[in-house]
Ligand code: PPS
């Protein structure tokens with residue numbers, strides 16, 4: 001059996017991409033958002049799954065336990081731009097009779113209201129219907145150092161992503177923005193700018209979630225005008241701990257074929273500051289210097305430790 005080859009990164013309108021995220025481009029751009037859709041936007045590895053699960057529970061826990069125990073989170077919260085074959089382990093679509101599975105189709109078929117939709121697109125690529133329909137947007141950002149470390153381990157374990165190479169090579173590429181979905185700096189800044197002109201927007205931070213998940217759930221509820229009872233809120237908080245999500249087959253991506261969790265688990269560490277176990281002193285100095293040049297907006301601040 002032939003193993004699926006790793007995809008190559010290429011430049012797509014100035015942003016690093018792989019074909020899994022560009023193959024369905026016209027349908028992505030023409031996607032028809034609905035006014036009550038909630039778009040969960042992030043740079044990869046910033047806490048997408050965590051916030052998706054929180055929102056799914058806040059919106060749909062009342063539908064009963066079946067939904068929570070039988071439908072993987074990635075089917076409940078479709079990934080808008082993905083277009084890949086549902087394939088047996090290691091096979092490409094051209095080796096099977098399966099048709100492509102597109103996030104836009106999954107979203108179109110979602111039976112729920114509101115629809116929760118995940119995207120990693122930089123803000124300039126978001127289908128215009130989301131803005132026209134005034135959809136609610138939740139953006140999650142994570143400090144660049146931990147984000148880079150998490151992305152490195154993810155590329156090691158997910159054969160659907162480009163080969164990350166050695167940590168030092170990966171880190172250099174990260175600083176230069178040669179990554180799938182482009183530069184972290186452009187992503188977090190681009191979405192931050194959008195927040196200044198688009199009011200239906202909640203910009204949140206991974207580090208805040210780690211510091212006080214209950215407070216962040218309250219903020220999300222207030223943004224979405226949800227009023228769960230204190231008991232419901234406690235139940236959500238307990239379900240979304242790192243340990244519970246790591247054990248939960250519906251949230252730990254164990255149902256995803258392209259990921260080899262023996263190389264690195266999807267739910268890996270879930271910490272602020274793991275970068276200290278990866279960056280050398282020299283890498284850290286170079287990274288800080290580069291960061292200073294690229295992060296000029298004093299209002300957008302990240303915490304690399306808490
Ligand atoms: S993806 O592939 O882009 O959708 O990944 P994403 O979900 O954005 O990010 C994965 C990282 O988020 C961590 N994570 C959590 N941390 C703490 N608590 C909870 N509940 C939680 N859920 C997910 C996950 O462990 C990845 O971070 P690292 O640093 O690699 O552990």
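The values are calculated or read from the model by the stated rules, or taken from the named source; none is laboratory data. These numbers come from a predicted model, not from an experiment. All Cβ positions, glycine included, derive from the backbone under ideal geometry; neighbour counts span all protein chains shown.
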- Message: Criterion first (surrounded by 15 or more Cβ atoms within 10 Å (Cβ to Cβ) and farther than 18 Å from residue 140 by Cα) does residue 38 satisfy it?
- Response: no
- Note on the structure: For region 236-247, pairs from a residue that is on the phi < 0 side of the Ramachandran plot to a residue that is modelled with pLDDT under 95 and more than 10 Å from the ligand (Cβ to nearest atom), with Cβ under 9 Å and 6 or more apart or across chains, are 236/61; 239/61; 239/68
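Within region 1-27, which residues are closer than 20 Å to residue 104 by Cβ and either touching a helix residue (DSSP H, G or I) at 6+ places or on another chain (Cβ under 6 Å) or part of a loop (DSSP other than H, G, I, E, B) (or both)?
Going residue by residue through region 1-27, those that are closer than 20 Å to residue 104 by Cβ are 7, 12-13, 15, 17-27.
Hits for region 1-27 are 7, 13, 18, 22, 23, 24, 27.
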- Message: Condition check: more than 11 Å from the ligand (Cβ to nearest atom), touching a residue at least 40 places away in the same chain (Cβ under 8 Å) and under 19 Å from the mean Cα position of the chain (by Cα). Does residue 145 satisfy that?
- Response: no
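Looking at residue 252, is it within 16 Å of the ligand (Cβ to nearest atom) and either touching a strand residue (DSSP E or B) at 6+ places or on another chain (Cβ under 6 Å) or assigned to a helix (DSSP H, G or I) (or both)? Working first, answer last.
Numbers: within 16 Å of the ligand (Cβ to nearest atom): yes; either touching a strand residue (DSSP E or B) at 6+ places or on another chain (Cβ under 6 Å) or assigned to a helix (DSSP H, G or I) (or both): no.
Considered against the rule, which asks whether it is within 16 Å of the ligand (Cβ to nearest atom) and either touching a strand residue (DSSP E or B) at 6+ places or on another chain (Cβ under 6 Å) or assigned to a helix (DSSP H, G or I) (or both), residue 252 comes out as no.
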- Item | Search result, residues across region 255-283 that are within 11 Å of the ligand (Cβ to nearest atom), within 23 Å of residue 69 (Cα to Cα) and assigned to a loop (DSSP other than H, G, I, E, B) | 256, 265, 266, 267, 268, 270
- Residues of region 149-201 satisfying the condition of being assigned to a helix (DSSP H, G or I), free of Cβ contacts under 8 Å to residues at least 24 places away in the same chain and within 16 Å of the ligand (Cβ to nearest atom): 155, 170
- Task: Determine whether region 284-295 contains at least one residue that is within 15 Å of the ligand (Cβ to nearest atom) and in a helix (DSSP H, G or I).
- Result: no
- Query: If the Cβ limit is 6 Å and pairs must be 6+ apart or interchain, which residue in region 67-82 that is more than 17 Å from residue 41 (Cβ to Cβ) pairs with which residue that is outside any helix (DSSP H, G or I)?
  - Reply: 72/250; 72/255
- Message: Which numbered condition in (1) surrounded by 15 or more Cβ atoms within 10 Å (Cβ to Cβ); (2) closer than 19 Å to residue 147 by Cα; (3) in contact (Cβ under 8 Å) with a residue 60 or more places away in the chain is the only one that residue 263 fails?
- Response: (1)
- Note on the structure: When residue 74 is run through (1) away from the ligand (no atom under 16 Å from the Cβ); (2) at pLDDT below 95, the failure sits at (1)
